[in-house]
Amino acid sequence: IFPPVTLDSVKSEGPKLVPFFKATCVYFVLWLPTSSPSWFSALIKCLPIFCLWVFLLAHGFSFLGAHSSARKILAGLIFSALGDAFLIWQEQGYFVHGLLMFAITHILYSSAFGMKPLNMRAGLVIAGVSSLSYLLLYPYLSGPFTYLVAVYIGLIGFMGWRAIAGLQLANDLWTWTKLSACLGAVLFMVSDLTIAVNKFCFPVPHSRAIIMATYYAAQMLIALSAVECQDVEVARKKRT
C-alpha cells in the first residue's frame, strides 16, 4: 500500500511542474540543430532546468533555508544549467567544461542524498555497472579523456549508489520521493552513458532524443525528491 501522505504530496507538486513540462515540450518541438550553436539554443536547452529552479524556489526560502538537501539539489541544478550551456558549444572545445559542471552536480546530489543507509549491496552492483561501462569506453578513449571519463563515471556511479541506497523497499521504509531520487539517478546514468557511447564509440540511433528525454526526466525526478523533508513536516502536522 502506497503511503497516503506522500502520495497526496506528490499530487500537490504537479501544478508547480507545469512550466517545466511546457519548457520541455518547447525544446522538443523546436528541435534546434546542434550544428549551429547559439545563445538562443542554449536558452531553449536550459529552460526546463530553469523551471526546476523555480519549482524548488516556489516552496519558499524558509524551506530551502531549513533543509540542506534541498539547497544542494538546487545548487546541482544551477551547475547542470551551466553544463548544458557549455555542451551546446562542445564541438568548439567546451566539452570538458560541461563535464566539470556535471561532475560538481553529481557531488552535490550525492551529498544531498546522504550516506545513510549505507546499502553496500547496491554499492557493489553500481560499482560493477560502472566498471563495465568504463571497460566498454576505454578502447575508444585517448589523452586526458582516459582519466577524466573514469573520474566522471566514478562520481555519477557514487551518486547513483546514494540515491538507490535510500530506497528501502524490503523494509517498507520508502517514500515516493525516495523512489523519485532512485529513478532520477538511474535515468541520469542512462543519459550520460548514451552521451559517452555516442561521442566516443559509435553513433547511437536517435541519440539526442534518448539523451535529452532521459536527462530532463532525471532532473525532474531528482528535483521532486527534494520536497521529501517538507512531506515529513506535513505528515507530522496532520498527526498533531
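The values are calculated or read from the model by the stated rules, or taken from the named source; none is laboratory data. Just so it is clear, the structure is predicted and the values come from calculations on it, not from any experiment. When we count neighbours, we look across all protein chains shown, and the Cβ atoms used for this are built from the backbone with ideal geometry, even at glycine. Side chains included, ligands, DNA and RNA excluded: accessible areas come from the protein's heavy atoms. Shrake-Rupley method; radii C 1.70, N 1.55, O 1.52, S 1.80 Å.
Residues Phe50, Phe200, Phe21, Phe55, sorted by accessible area with the largest first, give Phe21, Phe50, Phe200, Phe55 [1.4 Å probe; ligands and nucleic acids excluded].
Across the accessible surface of the range 7-238, with the other protein chains kept in place and a 1.4 Å probe, carbon and sulfur atoms take up 72 percent. Counted by Cβ distance under 11 Å from Phe102, the other residues give a net charge of -2, where Lys and Arg count +1 and Asp and Glu count -1.
When the charge dipole of the chain is built from unit charges on Cβ atoms (+1 for Lys and Arg, -1 for Asp and Glu) and taken about the Cα centre, the candidate among Val18, Ala75, Leu57 whose Cα reaches farthest toward its positive end is Leu57.
When only Cα pairs under 8 Å and 6 or more residues apart are kept, what is the percent relative contact order across the chain?
Details: 263 pairs, mean separation 47.7, N = 240.
20 percent.
Note on the chain: with a GNM built from Cα contacts shorter than 10 Å, the maximum mean-square fluctuation among Lys199, Lys72, Lys16 falls on Lys199.
Over the range 1-131, average the accessible area per residue using a 1.4 Å probe and give it in Å², no decimals. Spell out each step's value before the answer.
On the way: 6990 Å² over 131 residues.
Normalised by residue count, the accessible surface of the range 1-131 is 53 Å².
Largest to smallest in accessible area, the residues Arg208, Arg71 fall in the order Arg71, Arg208 (1.4 Å probe, all protein chains included).
Diagonalise the Cα gyration tensor of the range 17-152 and give the resulting equivalent ellipsoid semi-axes, square root of 5 times each eigenvalue, largest first, whole Å. Before the final figure, lay out the partial values.
Numbers: eigenvalues 144, 128, 32 Å².
Computed over the range 17-152, the values are 27, 25, 13 Å.
Close lysine pairs were tallied over the chain: pairs 8 or more places apart or on different chains with Cα atoms under 23 Å apart number 17.
In terms of accessible area, using a 1.4 Å probe and ignoring ligands and nucleic acids, Tyr134, Tyr140, Tyr152 rank largest first as Tyr140, Tyr134, Tyr152.
Our note on the geometry: Cα centres of the range 152-216 and the range 124-142, 15 Å apart. I'm spelling it out carefully: the read-out is percent of Cα pairs over 33 Å apart, the candidates are (1) 52; (2) 18; (3) 24, and one was derived from this structure. Which label? Evaluating percent of Cα pairs over 33 Å apart on these atoms matches (2). Heavy-atom accessible area for His97, with the other protein chains in place and a 1.4 Å probe, reaches approximately 80 Å².
Any chance you could run the full-extension gain for Phe202 through Cys25? It's 0.36 nm times the residue separation minus the Cα-Cα distance, nm to one decimal. Show your work: numbers first, answer last.
Working: separation 177, 0.36 × 177 = 63.72 nm, distance 2.80 nm.
The Phe202-Cys25 span can extend by a further 60.9 nm.
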